[in-house]
Structure formats: C-alpha cells, structure tokens
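Note sheet for the following structure.
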Amino acid sequence: MTDIPLPPHPNLLHHIWKTQRVWLTSAAILAVVAVASPEQAAASAGFTLRALWHTAPFLLLSIAIAAWAGATGADSLIARAFTGSPLLMIGLAALAGGLSPFCSCGVIPLIAALLSMGVPLSAVMAFWLASPIMDPSMFVLTSGVLGAEFALAKTLAAVGLGIAGGLTVLVLSRSGALSAPLRDGIGNGGCGAASVRSPKPVVWQFWHDPERRAKFAREARKTTLFLAQWLVLAFLLESLMLALVPAQVITSLLGGTGIGPIALATLVGVPAYLNGYAALPLVGGLIEQGMAPGAGLAFLVAGGVTSLPAAIAVWALVRPKVFALYIALSLSGAFACGLLFQAWSTA
C-alpha cells in the first residue's frame with residue numbers, strides 16, 4: 001500500500017514563515033508583478049540587482065568590520081572609544097556623518113554594528129541622521145546644480161540635524177526610555193552592552209584560533225543574510241514606486257512660497273523614492289519655476305534621511321519607539337532646516 005504524503009506540519013510552516021517571511025514577501029510581490037506585467041517584473045529585478053551591486057562595497061566593508069570586531073574581541077575597544085563626554089561624541093559623530101560617503105542604505109549595516117557593540121544611541125543617531133544628507137561628492141554635485149550657497153546650507157543642515165537628534169536622544173536616554181534600541185536577535189546594544197561591562201582581551205590575529213574563525217564566519221553570514229533580505233525588499237518596492245508614480249507628480253506639489261510648501265515638502269520627502277543625486281536636477285528645475293528654496297532643502301533633507309529603503313532597513317533593525325523617534329527627528333529637523341534656509345534666503 002502506497003503511503004499518502006502528509007501535509008507539512010503547522011509548526012514547520014510557522015517556522016518557515018517566521019524565519020523567511022521577508023524573502024517570501026519579496027518573492028510574492030515579484031510574482032504578482034510578473035503576472036500583471038512581465039516587463040516590469042524584469043525591470044524591477046534588474047533595478048534591485050543593480051542597487052545591491054552599487055551598495056555592495058559599503059555593505060561588505062561594514063559586514064567585515066562587524067564580523068572582525070566580534071571575532072577579535074575588539075568590539076569592547078570600539079565601544080569604549082565612544083565613551084567619554086557625550087556632547088563631544090555627538091558633535092564628532094554629526095561632523096563625521098556629514099563628511100562620510102555613506103548613503104541612507106549604506107549606513108544601515110554600520111549603524112547595526114555600532115549599536116550591537118554598545119555605542120551610545122545618542123552618538124549613533126547623530127551619525128545616522130547626518131550621513132545620508134551630504135558627502136563630498138554630493139557637495140560638488142549640489143554646488144554645480146543648485147549653487148554653492150545651497151550646497152553649504154545642505155551641509156550645515158546635515159551636521160545640525162545630527163547634533164539636534166543626538167542631543168534629543170541623549171536627554172531621553174537619561175530617563176531609560178531608549179534602552180536596548182535594537183530588536184531581539186540583532187544585538188544587545190545600548191550603553192550597558194556586555195562588551196562594555198565585561199571587556200575581554202583582544203586577539204588581533206584571530207585566524208589562528210579555530211573558534212574565533214568560526215565566530216567570524218557566523219557573524220558575517222548572519223549579518224549578510226539579515227541585510228540582504230531587507231534591502232532586496234526595499235529596492236524592489238523602490239523600483240515599483242519609480243515605475244508607478246512619476247517624479248513630476250511628487251515634485252509639482254512643492255511650488256509656491258511660505259510655510260505651507262516647506263511643510264508639504266517635508267511630508268512628501270519622507271516616502272520619496274528619489275536618491276539624492278536624481279533629486280537635485282528636479283529640485284533645481286522647480287526652484288527656477290518659483291519653488292521656495294526652503295521647500296527644496298526640506299524635501300532633500302527629509303527624503304535623504306527617510307527614503308523608502310532606509311526606512312524599511314531602520315524598521316528591521318530597531319524597536320518601534322526608536323523608529324518613531326527617528327522619523328520624528330527627520331520630519332522636524334527637515335522642516336526646521338527649510339524654515340531657516342528660507343528666512344536666510346529672503347533676508
């Protein structure tokens with residue numbers, strides 16, 4: 001008598017969904033798109049692969065640093081390097097963020113590594129907010145498209161937003177409201193991380209120790225898989241937004257003068273799918289047509305910090321209260337930067 005195959009055990013299905021739900025979601029989205037439009041499915045798949053390839057150098061470097069720090073035990077030294085005066089750490093982190101070459105997605109693995117090492121959230125948030133807004137190549141391109149004055153304003157906005165966000169987190173952290181910012185399974189970050197409480201000797205040449213080599217491989221694999229699944233989903237959704245929502249529809253709403261366009265530009269910038277380089281010529285064209293410079297700056301700042309891929313990756317890394325604070329700081333900071341720049345431009 002032939003055995004009748006039994007359906008998968010419910011617990012197995014639950015385990016598969018729990019551990020692979022992000023990959024399954026991406027596959028389901030791509031399958032639906034393929035049924036509706038095979039051409040768009042191919043375009044979205046290509047867009048996702050190209051975006052991953054472009055981000056790969058930053059991701060690989062950050063993954064290697066995180067795995068190396070865990071294998072050698074240097075994570076305790078790195079965490080201790082971020083101890084001392086909180087105000088100095090916040091200022092230096094914001095300045096470093098404004099000068100770093102990381103985009104809003106490329107900075108995510110570095111943030112995960114810093115938090116898991118026990119670096120204070122206030123300093124991390126300062127770097128986190130400032131980094132996606134400006135970098136040396138962005139400064140040059142912004143100067144060419146929008147002028148040196150706008151480029152300088154965007155640089156000051158990056159550093160200022162980082163400092164303001166870091167100070168806000170510092171105040172809130174003193175009440176214990178932001179302890180353990182990372183989600184379960186990502187790390188045990190926060191100021192009281194085990195690497196800081198109980199530092200162990202550092203073994204720089206970790207490859208001589210089989211156990212440490214194995215730990216390096218485990219950490220690298222875990223971090224790579226975690227980041228890959230979320231970035232694939234993020235870039236896939238971004239490609240669909242590019243195809244379905246014309247950029248002109250978003251940017252055409254931001255013309256005019258006054259506080260209203262700045263507020264609207266801030267809100268529209270949050271889900272903006274444009275990367276910083278693609279947004280510059282569009283904002284430049286709108287400014288030529290009468291768009292308020294403050295609205296343009298608010299749009300670029302809000303969109304740079306909270307673009308769709310970045311927001312999804314942040315949500316995957318941190319607890320909801322930290323994510324909500326990240327969004328609130330981005331919104332209020334972009335709006336304030338827009339108001340200040342508008343007031344200075346019309347003075």
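We did not get these values from a lab; they are worked out from the coordinates using the rules stated. What you are looking at is a predicted structure, and each value in this text was computed from that prediction instead of being measured. Virtual Cβ from ideal backbone geometry, glycine too; neighbours counted across all protein chains shown.
Some observations on this one:
- Length gained when the stretch residue 25-residue 174 is fully extended (0.36 nm per residue, less Cα-Cα span): 49.8 nm
- Estimated from the Cβ-Cβ distance and a Förster radius of 41 angstrom, the FRET efficiency linking residue 61 and residue 345 is about 0.60.
- For residue 11 and residue 85, the difference between the fully extended length at 0.36 nm per residue and the C-alpha to C-alpha distance is 21.7 nm.
- Subtracting the Cα-Cα distance of residue 213 and residue 328 from their residue separation scaled by 0.36 nm leaves 37.3 nm.
- Under a 5 Å amide H cut-off, with hydrogens placed 1.01 Å from N, residue 318 pairs with 183 among residues at least 5 apart or on other chains.
- Using the Cβ-Cβ distance between residue 259 and residue 156 with R0 set to 30 Å, the FRET efficiency works out to roughly 0.90.
- Label-point separation in nm, residue 225 to residue 32, each point 7 Å along Cα→Cβ: 2.6
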